[in-house]
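Worksheet for the structure shown next.
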Amino acid sequence: MPAYLLGRLGSALLVVLGAATIVFLAMRAIPGDPAVVMLGVSATPEQVAALRADWGLDAPLPVQYLNFLTRMVVLDFGQSIRLGMPAMQAVSQTLPYTIYLALVAFALALLVGFPLGVFSALQRGKAADKLISLFSLAGQSLPSFWVGIMLVLLLSRTLHILPSGGAGSPEAVLLPAVTLALPLLSVIVRLVRSGLLESMGEPYIQTARAKGLGETRVVGVHGVRNMLIPVVTVVGLELGTLLGGAVIVETVFAWPGLGRLLIDSIAARDYAVVQASVVMLVLFFVSINIVVDLLYGVLDPRVRVDG
Amino acid sequence: MNHVSRDIFRRTIRGLALAAALAMPSVALAQSADVLRIANPVAVTSLDSFGAQSADQPTISVMQQVLEPLVIRKDGQLQPLLAASWENPDELTWRFHLNEGITFADGSPLTSADVKASLQRLIDGKGPLSGLWGAVEAIETPDDLTVDIKTNTRLGTVLSNLSMLGIAPAAALEDPNFFNAPFGTGPYRVAEFTPSQFVALERNPEYRGEPAPTARLEYRYIPEVSGRITALENNEIDVTWGLPPDQVAQVRDSQSLTVESFPTFGNYYMWYNSSREPFTDVRVRQAMWHAIDMEEIKTFLFDGTAEVAKGPIPQDIFGAAEQTPYAYDPEKARQLLAEAGYPNGFTTTMMWSSMCCTNIREFAETLISYWAAVGIQVTPQELERATWLENLLALNWDSTLAEGNTITGDADFTLARLYLSTANRMGYANPELDELLLAARAEIDQDKRAELYAEAGKIIWDDAVGIFPLDMMMHAVYRNEVTGFVPTPTGMPRFDTVSKQ
């Protein structure tokens, strides 16, 4: 087990390093210069050169890259040009908002999607099942920016139940979270439904019934547990997608998260903040994947790897 | 329904009910009349008005209520504020006498050292406004209430430049955390600041003038126009600005909201790259202007929410003068093109930044269709701002559409920064224009400066260095209970006169 974990951590570090390298090169490969963006239409070559020298952007690329990597080890990404504060400070002010939003959306998707899926499977072919299937199909197909705007129109502008945006009050998270959760919720409903239907047809269910177990135990223990692996895999991967989806949702709802910071920083060619944001997102994503891999072992002893 | 599914169903319903219950205690928060809730159209990312953001509207619009300049532009005139008077002991020196007895919000007195430290910080910050002070050689403080700004050439723009420099306490400027909660001599001080999200200002207890009618100003950033309007209608905010024309018309119909539209220092401009064929020929440049019906564009594309331009800079700016309009005359356009050797028109491109400004794409497409009518095929190039800027500075373009804002309110800011041949911003070089602009910058007599800019403006207009189509208007929207709103041509509203009933 420790050897497996070490290997897993090693490859995770490689992923982070690769992502860091790509974002470093990509930001410098695209046209546009941070000094020019800051100075605007009236920028003179002298002003641009002076700023680039101040920010260390006049050094050769390999030198900049090495600086970036060595400082990254201690999570120091340098100073944000646009914000005038350490890039990491800007990220740590916004990342919690994004993680919070993603977690609330995740919880919503799980708490609503899972029971709905089980219910739908047990009601197979009946009206309720068809209704739920329709709902989950719609949830998966509708683009989140559209859903978001419709929710604002209905719940905020017409019914005045929820605030239209921002993070000013505790309930402000609900609209963006529902919008973000909807696609994942739908995936969970469908996965749980088909997984449960499949596992309910397996011989061990007959055995369980034949043992005289109550229906709650048959479904809850033998049925549900055996269809968990695919659900956990997909859900784990989707948690990363949630972070990506948060970028769009954050814009619609004026949610002050990392996604919006990232977009603004790319536009300003604020290298430090873009690098810090991407590396932190990748770290987060990779950690989730490791946790998911470890969960397999808990859920299904057959995939447990012995060290 | 068997008992398992019923149980699960029940649990699901209970979960949903809980979520709904969580959602209920919202909106109806009691709103005090002592708090004005403001929604910025653009995020306030930094309150450091001396650095990277020194020319950014969000930063200035907040900080102009916190830090005060030596002189202030009011009703088109520069008037003393922190300075009581000024003179020129010699042509290279501007001497300012500060008002006695002014204190910062922390109780410390305003002295010449604070002025020196503030100006020095702006220059050292190398930000977008630092170029205004390129001629400064030394800042001296002969005594506590006197500041000398010494320049290496005569600098006639010192007063209007100073109107953009808010004075901060020298000691506090040393503190790296000062701009998290800055204070100065203005009616408000910053109480809370979360970058890109929230700024709260509170009355400055040390303010020497009439206290501002509203105790607390709260700025929230709401990026989407529809979100801002929804928030206004829901009474989540009191005031916002920066609406596109189609939204202005819609909001005017609202019972609970008031719209105020007023002229600004901002305008659209379309530049030709005069170093490239066929724009080296003035007849081609004029022809394209005559091909456009500006009144029509103003009425139908902008819903009447802009003004047809009368000069290369809006008329309220110091040094602006009214020019002879280019009539909409497609026949004349074709004739000028034929004279220039393009009887069948030509093919060219026009670039713009997608993040430029209101209606930019629709505006560009409309212009392009007018040109097509006289035989000029223009390929549109919409670019991301950073890419657009890089092309612009490299003169790697045929023509471009953009927005300008003469934030100092002084013609020098736009004309001399951009139209000097040494700036080489649009490939146009005219020694006569250079001479006028440099003479105006060096002229200490402000009336003479204005005359020189009027002449310079006429050359830029008549030579069609670009097309100057429309001057922008600003549209502020507020709830009916808001009173005392004063329009500002800078496009950056201040709220130290505003109250709620």
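Nothing in this text is a laboratory measurement; each read-out follows from the coordinates by a stated rule. Remember, predicted model here, so these are calculated numbers, not experimental data. Please note: Cβ atoms are built from the backbone with ideal geometry, for glycine as well, and neighbour counts cover all protein chains shown.
Per-residue mean of foreign Cβ neighbours for A:116-122 is 4 (Cβ atoms of other chains, 10 Å radius).
For A:Leu9 and A:Thr70, a Förster radius of 22 Å and the Cβ-Cβ distance give a FRET efficiency of 0.60, rounded to the nearest 0.05. At a temperature of 4 °C and a viscosity of 1.567 mPa s, determine how fast the range A:2-72 diffuses translationally according to Stokes-Einstein, using the Kirkwood radius over alpha-carbon pairs as Rh; express D in µm²/s, rounded to the nearest whole number. It diffuses with D of about 89 µm²/s by this estimate.
Around B:Leu110, what is the net charge, scoring Lys/Arg as +1 and Asp/Glu as -1 over all other residues with Cβ under 15 Å from its Cβ?
Local charge sum for B:Leu110: -4.
Under 20 Å from a label point set 7 Å out along the Cα-to-Cβ vector of B:Glu432, the amide N atoms of the range B:459-488 belong to B:459-468.
Could you name the lysines whose alpha carbon sits less than 30 Å from that of B:Lys74, not counting residues in the same chain fewer than 8 places away? Output for B:Lys74: B:Lys116, B:Lys126, B:Lys150, B:Lys298, B:Lys310, B:Lys448, B:Lys458, B:Lys500.
Highest average first, the peptides B:119-128, B:283-292 ordered by how many other beta carbon atoms sit within 10 Å of their residues are B:283-292, B:119-128. Shielding value for A:77-83 is 3, the average number of Cβ atoms from other chains within 10 Å of each residue's Cβ.
Extension gain, B:Asp143 to B:Asp303, is 52.0 nm, computed as 0.36 nm per intervening residue step minus the present C-alpha separation.
DSSP beta bridges confined to chain B are antiparallel in about 75 percent of cases. Per-residue extension of 0.36 nm, minus the Cα-Cα distance of A:Leu110 and A:Val63, leaves a gain of 12.3 nm for this segment. Within 10 Å of the Cβ of each residue in B:218-229, the mean number of Cβ atoms contributed by other protein chains is 5. Here the range B:133-179 and the range A:68-120 have alpha carbon centers that stand 42 Å from each other. If you run the Gaussian network model on chain A, springs between alpha carbon atoms under 10 Å, then out of A:Thr94, A:Thr158, A:Thr241 the most flexible one is A:Thr158. Of the DSSP H helices in chain A, those that are both long (alpha-carbon extent of 20 Å or more along the helix axis) and hydrophobic (Kyte-Doolittle mean at least 1.0) are A:2-29, A:87-122, A:174-200, A:228-252, A:271-299. Each of B:Trp371, B:Trp352 was scored by other Cβ atoms within 10 Å of its Cβ. Listed from fewest to most, they are B:Trp371, B:Trp352. Between A:Leu197 and B:Asn235, the FRET efficiency estimated from the beta carbon spacing at R0 = 51 angstrom works out to 0.55. Remind me, relative contact order of the range B:71-173 in percent, using alpha carbon pairs under 8 angstrom and six or more residues apart? Contact order relative to length: 31 percent. Note on B:Asn88 and A:Ala50: the model spin-label points, each 7 Å out from Cα along the C-beta direction, lie 2.4 nm apart.
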